[in-house]
Amino acid sequence: MYQAPRGTTDILPQEQAYWRYVEQKIANICQLYGYERIDVPAFEDAGLFSRSVGEGTDIVEKEMYTFEDRGGSKVTLIPEGTASVCRAYIEHGLHNLPQPVKLYYLTSVFRYERPQAGRFRQHHQFGYEAIGSDDPALDAEIIDMAWQFFRSLNFHHLLLSLNSIGCKTCRPGYLAALKDYYAKYTDKLCADCKIRLARNPLRLLDCKERSCQPIADSAPRSIDYLCQPCAEHFSQLQRYLGLLEIPFAVNHRLVRGLDYYTRTVFEVQPEVEGGQSTIGGGGRYDNLIEGLGGKPTPALGFATGIERIISNLKKQNIAVPPLLGPQVFIAYAGNDAKDETIKLASILRRAGIAVIEAIGNKSLKAQLRQANTLGIRHAVIIGDQEIKTGTVILRDMTAANQMTLPTNDNYASIYTYIVSQ
Ligand code: HAM
């Protein structure tokens, strides 16, 4: 028996109300903040991600689905959306548009991770990017949009963590201080941190290993090493968040798992901690577009996983509106009635009424049971007697009462009754 590949899920019909709810909120928030949709390919040239997300990151080192296609090109199923959006910005000359260019996407993302609750090998991301400005007001807008998006989903009890990890000018000084500090603890570090110290010291702060926590907690803080423009940028951002009344906590251990970030980084978590607790994260990446071959172009963005949003909606008992189901079920007995069923179903659908017609040769009782199971309010019943008299029975399945309606008025009575309900 085949099963869905490990770390992937089927989204069955009973789950779809959650997905439609989230998608609708995404469309609303993007419209409110002026973001236009972009759809990028599901795979890209593999080099795009090593150049952007970074050689030393978990994503690039361990998690990418990379393969050679039949033409010999090395391609990767996208492990995130930002690099693709930046590639598209450069490729299509979007710097010619008024800046910043604001784009959002909703896409499948592929990472070969160890599957567990909230962590999949294929997940779906809603992300948005604002490209072409270094104004901290844009950082505030991006964070505000994330915050208001989660609020629009009815989430409460969220935490926003914020940090600034500096720029090309001030980062080297900070990394040197971090390395000096960690050098004193090499014998106490976990195996991964020993590698991080040599290859990607910023990621030392992100270690989840218990024994490394006190060391990381007391490590030098990037905000103490910011150059004047970065310090000014971070202080303006915090002031704007104050104006917007968005509560946040500066967390000096927040560095994020992708290498392209500069200055602002932020994450949103539910207050109640759980395994994979981060529901969204983002930040500034002022060198990325240039690194990919474009002109120097400051930018930032945010992304959130839909699966994690939905699992939090469920955890917080947030009800979502049900999807519109069929309004009418047509049950029949006998061949003449079957012809009439086919005709009536088509007429009602053309008039905009959602109809399920009985298919096959189940008993009338079984057909009505099906209508009940499907939760359909109205059942039209057509038997020999109804064919003879040019009528149908219309049963209200919830109120369990019924009436007889004519069909010789071109089904107008049936239509009028259903739309009046
Ligand atoms: P990220 O933090 O790697 O950032 O992913 C963003 C969000 O995607 C996470 O907060 C989480 O909700 C969801 N997510 C990530 N991995 C998984 C997984 N294996 N299973 C389920 N959900 C997952 C980025 O990808 C950046 N591109 C965000 C960004 C946009 N930065 C700037 N612009």
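Details
- Selection status of GLU113, assigned to a loop (DSSP other than H, G, I, E, B), touching a strand residue (DSSP E or B) at 6+ places or on another chain (Cβ under 8 Å) and near the ligand (Cβ under 8 Å from one of its atoms): yes
- Filtering region 291-318 to residues that are within 16 Å of the ligand (Cβ to nearest atom) and open to solvent by 70 Å² or more (accessible area, probe 1.4 Å) leaves LYS314, LYS315.
- Test result for TYR185, surrounded by 17 or more Cβ atoms within 10 Å (Cβ to Cβ), of a type outside the set (A, V, I, L, M) and not assigned by TED's automatic domain parsing to the domain that holds ALA249: yes
- Candidate set: region 116-130, residues that are small (Gly, Ala, Ser) and closer than 23 Å to LYS25 by Cα; chosen: the one farthest from the ligand (Cβ to nearest atom): ALA130
- Filter result for GLY282 (small (Gly, Ala, Ser) and either touching a strand residue (DSSP E or B) at 6+ places or on another chain (Cβ under 6 Å) or crowded, with 23+ Cβ neighbours inside 10 Å (or both)): yes
- A count restricted to region 71-128 and to residues that are at negative phi and more than 23 Å from the chain's Cα centre (by Cα) stands at 13.
- Residues that are within 10 Å of the ligand (Cβ to nearest atom), out of contact with any helix residue (DSSP H, G or I) (no Cβ under 6 Å at 6 or more places or on another chain) and open to solvent by 10 Å² or more (accessible area, probe 1.4 Å) do not occur anywhere in region 131-149.
- Any hit, region 17-26, residues being away from the ligand (no atom under 13 Å from the Cβ), open to solvent by 40 Å² or more (accessible area, probe 1.4 Å) and among the polar types (S, T, N, Q): yes
- Of all residues in region 263-274 being within 11 Å of the ligand (Cβ to nearest atom) and either polar (S, T, N, Q) or part of a loop (DSSP other than H, G, I, E, B) (or both), the one that is surrounded by the fewest Cβ atoms within 10 Å (Cβ to Cβ): GLN269
- Candidate set from region 319-345 (those that are open to solvent by 20 Å² or more (accessible area, probe 1.4 Å) and of a type in the set (A, V, I, L, M)); member that is nearest to the chain's Cα centre (by Cα): VAL320
- When residues in region 376-402 are screened for being exposed (fewer than 12 other Cβ atoms within 10 Å of the Cβ) and either over 13 Å from LEU344 (Cα atoms) or basic (Lys, Arg) (or both), 5 of them pass.
The values are calculated or read from the model by the stated rules, or taken from the named source; none is laboratory data. As the structure is a prediction and not an experimental result, all values here were calculated from the model. Every residue, glycine as well, gets a Cβ built from its backbone with ideal geometry; the counts of neighbours run over all protein chains shown. For accessibility, only protein heavy atoms count, side chains too; no ligands or nucleic acids. Shrake-Rupley method; radii C 1.70, N 1.55, O 1.52, S 1.80 Å.
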